[in-house]
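The next block holds one structure in the form of structure tokens; read it before the comments.
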């Protein structure tokens, strides 16, 4: 029934396990794996966990991400650490995970990668300038990866707007 799923979490072990439990409750197959997508070795471990558990990898969804809620006109608040955190999680993570998955998909002769961007990547809005820049980078890296990995591996981006949830409530307030 459906796809077998590897749920990646960085710090949220409980949330990751909840997703696994929900998938399994409806008859699906899923495991949770801790990995920091900013780290190449962690991404390789994550992808290898999928291969070890399920025997193959057909689809990769790059949806790990983070932000800081910083007013766009507060340039001084964007420290090197803030910049590196956001670009690392939102852009480098896409590259790291895709690079780790590509050999397995190439060996199978097919695969699909879905990168989660944001409307902020096209319009420059969003939670802060580094977030918008990171999502613009996701849009461009998707095109670059599609050129080198296609046609066997399809690479696409989705770019949603605001999504109601913990991030939005945390950054904009509970009344949002």
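The values are calculated or read from the model by the stated rules, or taken from the named source; none is laboratory data. Not measured: the values here are computed from a predicted model. In this analysis, Cβ positions are derived from the backbone assuming ideal geometry, glycine residues included, and neighbour counts consider all displayed protein chains.
Could you please let me know if residue 138 is in a strand (DSSP E or B) and either out of contact with any strand residue (DSSP E or B) (no Cβ under 8 Å at 6 or more places or on another chain) or modelled with pLDDT of 90 or more (or both)?
no
The residues of the range 105-139 that are within 22 Å of residue 153 (Cβ to Cβ), surrounded by fewer than 18 Cβ atoms within 10 Å (Cβ to Cβ) and over 13 Å from the mean Cα position of the chain (by Cα), listed by number, are 106, 107, 108, 109, 110, 112.
For (1) surrounded by fewer than 13 Cβ atoms within 10 Å (Cβ to Cβ); (2) within 25 Å of residue 158 (Cα to Cα); (3) out of contact with any strand residue (DSSP E or B) (no Cβ under 6 Å at 6 or more places or on another chain); (4) modelled with pLDDT under 95, each residue gets a yes or a no:
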residue: 1; (1), (2), (3), (4): yes, yes, yes, yes
residue: 25; (1), (2), (3), (4): yes, no, yes, no
residue: 32; (1), (2), (3), (4): no, yes, no, no
residue: 61; (1), (2), (3), (4): no, yes, no, no
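Considering only the range 92-106, I want to know if a residue exists there that is touching a strand residue (DSSP E or B) at 6+ places or on another chain (Cβ under 8 Å), more than 20 Å from residue 9 (Cβ to Cβ), at pLDDT 95 or above and part of a strand (DSSP E or B). No. Hey, could you check the range 141-176 for residues that are within 25 Å of residue 15 (Cα to Cα) and at pLDDT 95 or above and say which is surrounded by the fewest Cβ atoms within 10 Å (Cβ to Cβ)? Filtering the range 141-176 for residues that are within 25 Å of residue 15 (Cα to Cα) and at pLDDT 95 or above, the one surrounded by the fewest Cβ atoms within 10 Å (Cβ to Cβ) comes out as 158. On the stretch given as the range 107-124, residues that are touching a helix residue (DSSP H, G or I) at 6+ places or on another chain (Cβ under 8 Å) and part of a helix (DSSP H, G or I) total 4.
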